[in-house]
Amino acid sequence: MDHVEWRERPELRNPALVCAFKGWNDAGEAATAALGFLADSFDATDVARIDPEEYYDFTAVRPTVRLSEGLSRVIDWPENTLQAAQIAGTERDLLLFQGVEPSLRWRGFCQTIVDMANELGASMVITLGALLADVPHTRPVPMTGICSDEAMVQRLGFEQSSYEGPTGIVGVLHHACQEAGLTSVSLWASVPHYVAAAPNPKAALALLRSFEGVAGVAVDALDLEQSAEEYERQVNAAVATDPDVKSFVERLERTIDEVTEESPPERIPSADAIARDFQRFLKQKGAED
């Protein structure tokens, strides 16, 4: 790990490493927003960073310059930062890795992340991603889960992915974890392509809720829920002003409603499961207080 700059090596309980990257894997900035919300919610502290020098073409991913105190100029380089959050009332702590999809040496970059996970005793890696899709903003966010562990696939109701085609750093990292024997889960939210340029808190919230089920960690996401509601109101208002876009969204709604009716979800949470999740949330909040 020659390119890793450590600040500390905290003692953590059975941590899960959660990763998100700006770029191709981050439609609507949903994945990085979800990870940032986790870091803020649990007061995560910096643990380490990866030096960007070996992994970026700086003509493609340019550093930025800013003034410090109105005088000296500071260069901000693409950041890949590892943080730690110790969470009371749960069986595990969290490691949070947020970065920018690298330009170069993807295999070496992913191996560095795997080495960092092993160094701090991570038992599982959860990657967050978001992709553009033909889905309406008015319906629940479609979620896809991919898992390297067959038992977890069955427990969480995931399906083995049959996707073939281009992939991003999230897909390569998921594969690197499998090769290293490290249990990994890849969560993906579908973002409406017709509002691709706007940050999508609704998709970020869906990623957080899926993360909770995988990691067994409850998140108080009231602020994000309010942002998701406001987002939907704003998009509704914008769509209503354009008859062509409104007609297109209505066609998407009919299509997804037909698919939902033909293939209803097989794994609906039971009342017992909901009660367990609520009790876990109360226990966690009580320990924090």
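The values are calculated or read from the model by the stated rules, or taken from the named source; none is laboratory data. Here the structure is a predicted model, which is why all the values come from computation and not from measurement. Note that we place each Cβ from the backbone using ideal geometry, even for glycine, and neighbour counts take in every protein chain shown. Note: accessible area is taken over every heavy atom of the protein model, side chains too, but ligands, DNA and RNA are not part of it. Shrake-Rupley method; radii C 1.70, N 1.55, O 1.52, S 1.80 Å.
Every residue, every condition in (1) more than 16 Å from the chain's Cα centre (by Cα); (2) open to solvent by 70 Å² or more (accessible area, probe 1.4 Å), yes or no:
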| residue | (1), (2) |
| --- | --- |
| Leu96 | no, no |
| Ser103 | yes, no |
| Gly108 | yes, no |
| Val135 | yes, no |
| Met152 | yes, no |
| Pro166 | yes, yes |
| Ala180 | yes, no |
| Ser186 | no, no |
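Note on the range 219-241: residues that are part of a loop (DSSP other than H, G, I, E, B), touching a Phe, Trp or Tyr at 6+ places or on another chain (Cβ under 9 Å) and either open to solvent by 60 Å² or more (accessible area, probe 1.4 Å) or within 16 Å of Gly28 (Cβ to Cβ) (or both) amount to 1. Selection over the range 212-221 of residues that are under 16 Å from Ala33 (Cβ atoms) and either at pLDDT 95 or above or of a type in the set (Gly, Ala, Ser) (or both) gives a count of 1.
Looking for whichever is touching a strand residue (DSSP E or B) at 6+ places or on another chain (Cβ under 7 Å), at pLDDT 95 or above, assigned to a strand (DSSP E or B) and under 26 Å from Val172 (Cβ atoms) here; the options are Thr112, Thr127. Which one fits?
Going through Thr112, Thr127 in turn, the sole match is Thr127.
Being touching a residue at least 24 places away in the same chain (Cβ under 8 Å), surrounded by fewer than 20 Cβ atoms within 10 Å (Cβ to Cβ) and more than 30 Å from Glu253 (Cβ to Cβ) is not true of Ala122.
Annotation: Tyr163 fulfils all but one of (1) in contact with a Gly (Cβ under 7 Å, 6 or more places away or on another chain); (2) part of a loop (DSSP other than H, G, I, E, B); (3) aromatic (Phe, Trp, Tyr); the unmet one is (1). Does Glu5 meet the test of being acidic (Asp, Glu), over 26 Å from Ala228 (Cα atoms) and either touching a His at 6+ places or on another chain (Cβ under 7 Å) or not in a loop (DSSP other than H, G, I, E, B) (or both)? Taking the combined requirement at face value, the residue satisfies it. All but one of (1) within 18 Å of the chain's Cα centre (by Cα); (2) under 22 Å from Asn80 (Cβ atoms); (3) not in a helix (DSSP H, G or I) hold for Pro140, so report the exception by its number. Only one criterion is unmet by Pro140, namely (2). In the range 26-64, of all residues being in contact with a Phe, Trp or Tyr (Cβ under 6 Å, 6 or more places away or on another chain) and in a loop (DSSP other than H, G, I, E, B), the one that is most open to solvent (accessible area, probe 1.4 Å) corresponds to Pro63.
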